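Here the structure comes first, spelled out in structure tokens, and everything after it is commentary.
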Amino acid sequence: MSRFDAAIEALVAATGWPPPAARPGGGVRFELEGGPDLEIFSPDDRRLFFSARLAALAPGEDPEEKAAGLAKAAAAAAKRRAAILSFDGRSFNLHLALDLKEAGPERIAESCQALLNDWDWWPKMTPGEAGPPPGLPGLWLKP
């Protein structure tokens, strides 16, 4: 079994989520009710990447102005937030990387939870954004 497969099994066991859908080209996608579509992949079975779309750029919104505002918030939050904010020209996304060689099941679950916590936190810092509802009480905990 690959490290990636073991990591996904550990995450499913830790969260109680149903097994994820495989993505063409590799990786998996968890479709979380009330939360983001969480994509996880490993290009080399050494690093694990978590990714979740935060918000799309609104029609007519200036991407440069929006990115500048979010960059200020990202810089101010860098010491407190685990995920990295990116902009692909259409939407803002959160990413988090993990070294699979050094990560046990607990660390994998903690990293995923950190990304989801950041996904929940960002809209609170950017008023008026489309995004998650405040709080994700049932998203992380096992039923």
*Test for ALA58: is it in contact with a strand residue (DSSP E or B) (Cβ under 6 Å, 6 or more places away or on another chain) and either at pLDDT below 80 or surrounded by fewer than 17 Cβ atoms within 10 Å (Cβ to Cβ) (or both)*: no
*asked:* Restricting to the range 39-84, name every residue that is within 13 Å of ASP118 (Cβ to Cβ) and of a type in the set (Phe, Trp, Tyr).
replied: PHE50
*Scope the range 79-103; condition without any contact (Cβ under 8 Å) to a residue 24 or more places away in the chain and either in a helix (DSSP H, G or I) or surrounded by 11 or more Cβ atoms within 10 Å (Cβ to Cβ) (or both); matching residues*: ILE84, SER86
*If you take the residues of the range 52-65 that are free of Cβ contacts under 8 Å to residues at least 24 places away in the same chain and not in a loop (DSSP other than H, G, I, E, B), which of them is nearest to GLY89 (Cα to Cα)?*
GLU64
*Is it the case that the range 4-27 has a residue that's among the acidic types (Asp, Glu) and part of a loop (DSSP other than H, G, I, E, B)?*
no
*Restricting attention to the range 34-51, which residues are crowded, with 19+ Cβ neighbours inside 10 Å and assigned to a loop (DSSP other than H, G, I, E, B)?*
PRO36, SER42
_Index of the failed condition, VAL12 passing every other in (1) surrounded by fewer than 19 Cβ atoms within 10 Å (Cβ to Cβ); (2) under 20 Å from SER91 (Cα atoms); (3) among the aliphatic types (A, V, I, L, M)_ = (2)
_Can you confirm whether GLU31 is surrounded by fewer than 12 Cβ atoms within 10 Å (Cβ to Cβ) and modelled with pLDDT under 90?_
no
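The values are calculated or read from the model by the stated rules, or taken from the named source; none is laboratory data. All values derive from a computational prediction rather than experimental measurement. Don't worry about glycine lacking a Cβ; one is built from the backbone with ideal geometry, like all the others, and counts go over all protein chains shown.
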